[in-house]
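Any read-out appearing in this document is the output of simple, stated calculations on the displayed coordinates, not a laboratory observation. Everything numeric here is computed off the predicted structure, so don't read it as measured data. Because the Cβ atoms are built from the backbone with ideal geometry, glycine has one as well, and the counts that use them run over all protein chains shown.
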Amino acid sequence: MAKQGLEKVIVSPAIWVDKNLQVQPGDLSKFAPYGNGVYGYQENSLEPILGDPSQEGSGGLVYFDNGVKREDFEGFLRMMNVRADDKDYAAFVQESSNPVEDRYFKQMRLISKFGLRFMFSAIEDREYDAFKKQELTIGEALWEFMEAEKGRFGTCFGDPRIEGKMGGDGYYAREELSFGFMLENKYHQVYRIWSRAWLVTK
């Protein structure tokens, strides 16, 4: 399993082997719906008010810059009811081949073993009971992802490692690393984080 720059996270393959699934948990082109399935699932919507998760107390997405302090990020995860201390999850990572069009550099989705079993049907009861824990907690894995991307692209606009990689002209509009986070499904514990750039106006 490839590390994708995340040295302490076991990254699962995009295709869950030997499973004929309706939706692969590693298919990052799709977003998990809201809800626990009792009343059916609710498709994620970017409409900020009407698209709220009617069966969950928290959800949605947020964008933030690369200067966030660790204690603030941990507080944010608590506020969003992310199970940040859990280690029973699978990680899926995807790199964009065209960041200008895709609007991200790299993304990582974390799915709890509960979500793998009861939302995606990717594991059975026997596999659920024997599921191997990750070395890092969910919170630590999210933080390591951000640290790895900061090491790859720097943290300031004008850094040659990020310059021109997401539509900047290198003069009036210059890229600076930032991130997006989405709580795809609270009940099944499906989380996604991605690196992106915003254009700093000179």
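Using only the Cα atoms of region 136-175, build the gyration tensor, take square roots of its eigenvalues as a ≥ b ≥ c, and label the shape rounded, prolate or oblate: rounded if a/c is under 1.5, else prolate if a/b is larger than b/c, else oblate.
Verdict is prolate for region 136-175.
Taking θ as phi - 60°, what are the ³J(HN,Hα) couplings along region 109-118 by the Karplus curve (6.51, -1.76, 1.60), each to the nearest whole Hz, with x for Gly and Pro?
The phi angles translate into 10, 10, 10, 5, 4, 4, x, 4, 7, 9 Hz.
Sort largest first and round to whole Å: the equivalent ellipsoid semi-axes of region 99-202, each the square root of five times a Cα gyration tensor eigenvalue.
The three semi-axes for region 99-202 are 35, 13, 9 Å.
By a straight-distance test (C-alpha under 16 Å), which lysines pair with Lys113 as possible cross-link partners, with residues fewer than eight away in the same chain excluded?
Answer for Lys113, where 16 Å is the Cα cut-off: Lys19, Lys87, Lys132, Lys133, Lys186, listed by chain and number.
Bin all alpha-carbon pair distances of region 1-160 at 5 Å intervals from 0 and give each bin's fraction as a whole percent.
All Cα pairs considered, the percentages come to 1, 7, 14, 19, 22, 19, 11, 5, 1, 0, 0.
In deg cm²/dmol and to the nearest 500, what is the mean residue ellipticity at 222 nm of the chain if only DSSP H runs of at least 4 residues count, each as -39500 (n - 2.57), divided by the residue total?
-5500 deg cm²/dmol
Kirkwood hydrodynamic radius, region 83-139, all distinct C-alpha pairs: what's the number in Å?
12.7 Å
Where the only charges are on Cβ atoms (+1 Lys, Arg; -1 Asp, Glu), what is the dipole of the chain about its Cα centre, to the nearest 20 debye?
My answer is approximately 220 debye.
Would you mind calculating the relative contact order of the chain from Cα pairs under 8 angstrom and at least 6 residues apart, reporting the percent as a whole number?
Values: 378 pairs, mean separation 52.2, N = 202.
The value is 26 percent.
Fewest to most neighbouring Cβ within 10 Å: what's the order for Thr155, Thr201?
Thr201, Thr155
Sort Glu74, Glu176 by Cβ crowding within 10 Å, fewest neighbours at the top.
Fewest-to-most ranking of Glu74, Glu176: Glu74, Glu176.
What chymotrypsin sites (Phe, Trp or Tyr not before Pro) does region 71-172 have in DSSP loop regions with at most 14 other beta carbons within 10 Å?
Numbers: sites: Phe73, Phe76, Tyr89, Phe92, Tyr104, Phe105, Phe114, Phe118, Phe120, Tyr128, Phe131, Trp143, Phe145, Phe153, Phe157, Tyr171, Tyr172; in loops: Tyr104, Phe105, Phe120, Phe131, Phe157, Tyr171, Tyr172.
Listed in order of number, the matching sites are Tyr171, Tyr172.
Taking amide hydrogens as modeled 1.01 Å from N in the peptide plane, which residues meet the under 5 Å criterion relative to Lys106, leaving out close sequence neighbours?
Ser96, Ser195
Filter the GluC sites (Glu not before Pro) in region 109-167 down to the DSSP loop ones having no more than 16 other Cβ atoms within 10 Å, then list what survives.
Hits after loop and neighbour filter: Glu124, Glu135.
Between Leu46 and Asp18, what FRET efficiency follows from the Cβ-Cβ distance if R0 is 41 Å, with the result rounded to 0.05?
Efficiency at R0 = 41 Å is approximately 0.70.
Can you give the local net charge around Trp143? Use residues other than it whose beta-carbon is closer than 10 angstrom to its beta-carbon, Lys and Arg +1, Asp and Glu -1.
Taking every Cβ under 10 Å from that of Trp143, the sum is -3.
Of the DSSP beta bridges with both residues in the chain, give the percent that are antiparallel, rounding to the nearest 5.
Within the chain, antiparallel bridges account for around 95 percent of the total.
Can you list the aspartates and glutamates whose alpha carbon is less than 14 Å from that of Lys165, not counting same-chain residues fewer than 8 positions off?
Counting by Cα, and skipping residues close in sequence, Lys165 has these aspartates and glutamates nearby: Glu95, Glu101, Asp102, Glu149, Glu175, Glu176.
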